[in-house]
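Chemist: After the structure tokens below, expect a handful of questions from me.
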Amino acid sequence: MKTINKIFIGLGLVGMSGLYSCSDFDEVNTDPSKTPIESTLPEYFLNNAISKIQMDPSTGERIYYLNWGDASRAFGEAGMFCVGLYDDSYMSNFYYPCLANTITYVTTAINEAAKRAGSEPFYNNLQQFGRIWRALVIAQFADSFGPYPLNSGSGENPTFNSEKETYRFILDELKDAVNKIDTSITPTEDQAKCDPAYGYVADKWQKLGNSLRMRYAMRLTNTDMASEAKAEFEDACKGGNYIKSQSDMLWFKSDNGWNDYTSPYTRTWNLQALSSTMANLMTNLGGVSVAEQRADLAKYTKPNTYLGYKYDQHFVANTDNPTKQYWLDGIPENLDPRALKMFWLVNDTQAENMIDPSSKGTKINPEGSELLLDADGKNTIKISGSFTWNGVPSGASTSWSPTLSKNKLITTSSGIRSCYPLWGKEYCTGGEEGLGRVVFYGAWESYFLLAEAAVRGWNTAGVSDEQAYGDGVRASFEYFGVGEYADAYLESTDYNRVGTSVKFTHTTEPSSFEATYIDGYTKQEKKVTYQYPVASKTLYGVALNDKLTKIITQKYLAQMPYLVQEAWSDHRRLGLPFFDLTGNESVMTGADMTELKPNSWESGQSWKYFPQRMRYPMSLLTSDEAEYNHALELLGGNNTTMIPLWWSLGSNQK
């Protein structure tokens with residue numbers, strides 16, 4: 001007799017996890033690990049697979065915040081994975097066991113449902129739901145690490161497969177599973193309880209399967225499977241049966257406790273500050289004035305032609321960030337309307353997303369922070385962070401940049417807490433509705449995928465690129481509760497700080513303009529020619545304001561902050577949107593990112609200056625050295641964060 005404790009062998013690990021029923025009031029009088037599999041309902045296994053990959057707070061902060069979120073520039077201050085720093089314990093002790101348990105649960109659900117499908121039609125559907133969920137989790141693994149063992153969760157020793165084989169399996173599984181779902185089958189009330197997203201409603205799972213097929217087909221545009229990807233995408237979207245509205249989104253209620261459904265951003269010690277990348281992307285994008293959004297903030301706004309105070313003795317110059325070394329002493333006159341829904345401005349007590357002052361470990365200093373003018377700190381420049389919009393430069397560190405040693409704004413927790421916008425209340429507390437729910441697939445993503453497909457000349461079943469783009473923006477605005485600004489926003493030809501506008505047909509490249517600033521040391525007002533990034537020197541290398549840049553810029557903003565892995569994947573695949581290079585004044589000793597030198601920014605961007613993958617944990621090496629080496633052979637490089645995945649832009653350019 002096979003029992004639950006005999007099947008937790010997968011991904012090169014031997015794991016153990018208790019199995020729980022779908023209702024808190026169901027009692028289990030025996031050790032769950034010794035329960036015969038045949039007497040356990042398949043929906044319990046799938047329910048546990050759904051919950052496990054939500055990640056408890058220990059795993060969630062290490063993956064969402066310190067890895068995916070840092071790589072995607074969702075946060076400015078983490079300064080870990082964005083420069084190729086790595087902690088093996090995060091994978092060995094947290095994420096890899098999470099994946100192993102999830103894959104084992106879902107594979108068991110599929111197998112056990114198949115045994116019952118002949119006599120109970122619901123279990124045929126459950127088998128297909130499990131295959132869709134497994135495809136999602138396998139893709140999460142493959143897009144993080146690379147090659148994946150397709151026989152994981154079967155109770156056999158895992159054998160790694162190439163990324164190409166893995167993606168072929170994912171796409172085949174999704175297509176076949178969707179086709180075998182019977183939408184006439186209705187689950188019982190008890191069965192429905194086991195699916196916290198869709199209640200096992202068949203047509204919603206069909207839409208999810210088609211949507212994921214579109215997502216993963218688009219991933220392969222740089223590969224030798226590009227023609228197959230086109231065919232897969234066109235087949236998945238042809239009937240229009242994909243996620244289009246909030247009612248069909250894959251998202252989950254979250255809380256601020258300590259369980260699998262606790263939001264990954266609820267740990268009080270993680271400040272989660274605005275990054276320089278996001279600050280530049282959202283400034284002036286869409287031309288909607290802050291005064292129109294919040295009349296009470298009008299007095300703090302600054303014109304677009306004003307850059308702020310320049311502190312070139314306290315901020316690093318070694319970066320292609322066009323706003324480097326400037327400190328904006330206010331709010332841009334125009335901000336993307338989602339910005340004030342995402343981020344809380346320091347001391348904005350009237351904001352709906354105000355963070356509890358005691359919830360971030362360090363208190364706000366009403367006076368802000370300071371820049372030191374001498375070694376002993378007797379002479380300082382006081383900097384107020386109240387009602388200001390500035391982003392923390394990603395990856396900046398005093399270990400590599402002596403200039404920062406006198407900058408308390410970005411080198412101390414209290415400085416960041418008191419001077420930079422932070423992700424707002426909903427993300428810090430979780431929630432049953434709205435922005436506190438953790439999103440795995442949003443309605444906007446389908447539209448932006450369609451828009452990109454149409455730009456590529458693929459058949460999108462009569463949906464034009466412009467229509468899909470507009471629908472994606474509207475879906476995102478609806479989600480953030482700012483739908484009233486969508487019409488004006490979509491007509492805007494104003495450029496953000498990196499040279500991208502919103503209007504889809506407005507593809508004129510930006511031109512430099514005369515701006516003003518104040519010398520932070522002499523207090524004299526000066527003029528400067530504001531220079532946008534040089535398109536040919538960006539990772540994308542094509543343009544700053546073409547249609548694809550607009551699509552991915554909007555997709556990126558819409559995905560934040562839960563779909564950070566997808567945002568990172570788009571950047572690895574396309575070099576979009578524009579990520580400013582990490583600026584440091586010396587070689588980043590101890591980091592995998594060895595190619596990024598202090599003067600690299602002058603010659604332009606390269607995939608070698610951005611993290612490409614997460615390392616396999618050393619626990620894989622110790623448990624199965626042969627398969628560890630096999631995985632690296634398939635990967636085509638050493639186990640570092642800088643080896644590009646098969647489908648990435650870097651893989652084409654190396």
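The values are calculated or read from the model by the stated rules, or taken from the named source; none is laboratory data. No experiment lies behind these values; they were computed from the predicted model shown. Here Cβ is always computed from backbone atoms with ideal geometry, including for glycine, and neighbour counts include all displayed protein chains. Surface areas here come from the heavy atoms of the whole protein model, side chains and all, with no ligands, DNA or RNA. Shrake-Rupley method; radii C 1.70, N 1.55, O 1.52, S 1.80 Å.
Chemist: Given the options Tyr326, Pro149, Ala295, identify the residue whose Cα lies farthest towards the positive end of the charge dipole of the chain (+1 on Cβ of Lys, Arg; -1 on Cβ of Asp, Glu).
Modeler: Tyr326
Chemist: Restricting to bridges with both residues inside the chain, how much of the DSSP beta-bridge set is antiparallel, in percent to the nearest 5?
Modeler: 80 percent
Chemist: Now for a separate question. Where does helix 202-218 land angle-wise versus the long Cα axis of the chain, in degrees 0 to 90, nearest 10?
Modeler: 60 degrees
Chemist: I'd like the GluC sites (Glu not before Pro) in the range 287-390 restricted to DSSP loop residues with at most 14 other Cβ atoms within 10 Å, sorted by number.
Modeler: Values: sites: Glu292, Glu333, Glu352, Glu367, Glu370; in loops: Glu333, Glu352, Glu367.
Answer by residue number: Glu352, Glu367.
Chemist: Expressed as cubic angstrom per residue, what is the convex hull volume of the alpha carbon set of the range 363-437?
Modeler: Each residue corresponds to 114 Å³ of Cα convex hull volume.
Chemist: Okay, next question. With every protein chain kept in place and ligands, DNA and RNA left out, what is the accessible area per residue of the chain? Probe 1.4 Å, answer in Å².
Modeler: 35 Å²
Chemist: Which one of Phe45, Val502, Ala192 is farthest out on the positive end of the charge dipole of the chain, using unit charges on Cβ (Lys, Arg +1; Asp, Glu -1) and the Cα centre as origin?
Modeler: Val502
Chemist: Follow-up. Between 0 and 90 degrees, rounded to the nearest ten: what's the tilt of helix 547-559 against the longest Cα principal axis of the chain?
Modeler: With rounding to tens, the tilt is 70 degrees.
Chemist: How big is the charge dipole of the range 183-254 about its Cα centre, in debye rounded to the nearest 20, if each Lys and Arg gets +1 on its Cβ and each Asp and Glu gets -1 on its Cβ?
Modeler: Result for the range 183-254 is approximately 240 debye, rounded to the nearest 20.
Chemist: Report, ordered by chain and residue number, the lysines lying within cross-link reach of Lys523, taken as a straight Cα distance under 23 Å and ignoring same-chain residues fewer than 8 apart.
Modeler: Cross-link targets: Lys299, Lys302, Lys310, Lys324, Lys378, Lys382, Lys406, Lys408.
Chemist: Same structure, new question: Give the lysines whose C-alpha is closer than 17 Å to that of Lys550, dropping any in the same chain fewer than 8 places away, or say none.
Modeler: Straight-distance partners of Lys550: Lys503.
Chemist: Moving to a separate point now. Taking +1 at the Cβ of each Lys and Arg and -1 at the Cβ of each Asp and Glu, which of Gly76, Ala109, Leu66 sits farthest along the dipole of the range 64-119 towards its positive end, judged by Cα position relative to the Cα centre?
Modeler: Ala109
Chemist: Next question. Round to the nearest 10 and give me the degree value, 0 to 90, for the angle of helix 443-455's Cα axis relative to the longest principal axis of the chain.
Modeler: It is inclined by approximately 80 degrees.
Chemist: Can you pull out the cysteines in the chain that have no other Cys Cβ under 4.7 Å?
Modeler: Cys82, Cys98, Cys237, Cys419, Cys428
Chemist: How many percent of the accessible area of the chain is carbon or sulfur, using a 1.4 Å probe?
Modeler: So the carbon and sulfur contribution to the accessible surface is 47 percent.
Chemist: Mind scanning Lys204/Lys238; Lys115/Lys180; Lys164/Lys597; Lys537/Lys608 and naming the pairs with a C-alpha gap bigger than 22 Å? Walk me through the numbers on the way to the answer.
Modeler: On the way: Lys204/Lys238 17 Å; Lys115/Lys180 16 Å; Lys164/Lys597 33 Å; Lys537/Lys608 14 Å.
Flagged as over cut-off: Lys164/Lys597.
Chemist: Could you give me the ³J(HN,Hα) list for the range 268-283, computed from phi with Karplus coefficients 6.51, -1.76, 1.60 and θ = phi - 60°, whole Hz, x at Gly and Pro?
Modeler: With the stated coefficients, the range 268-283 comes to 5, 7, 8, 6, 6, 8, 4, 8, 4, 4, 5, 4, 5, 5, 8, 5 Hz.
Chemist: Which order do Asp87, Asp195, Asp312 take by accessible area at a 1.4 Å probe, largest first?
Modeler: Asp312, Asp87, Asp195
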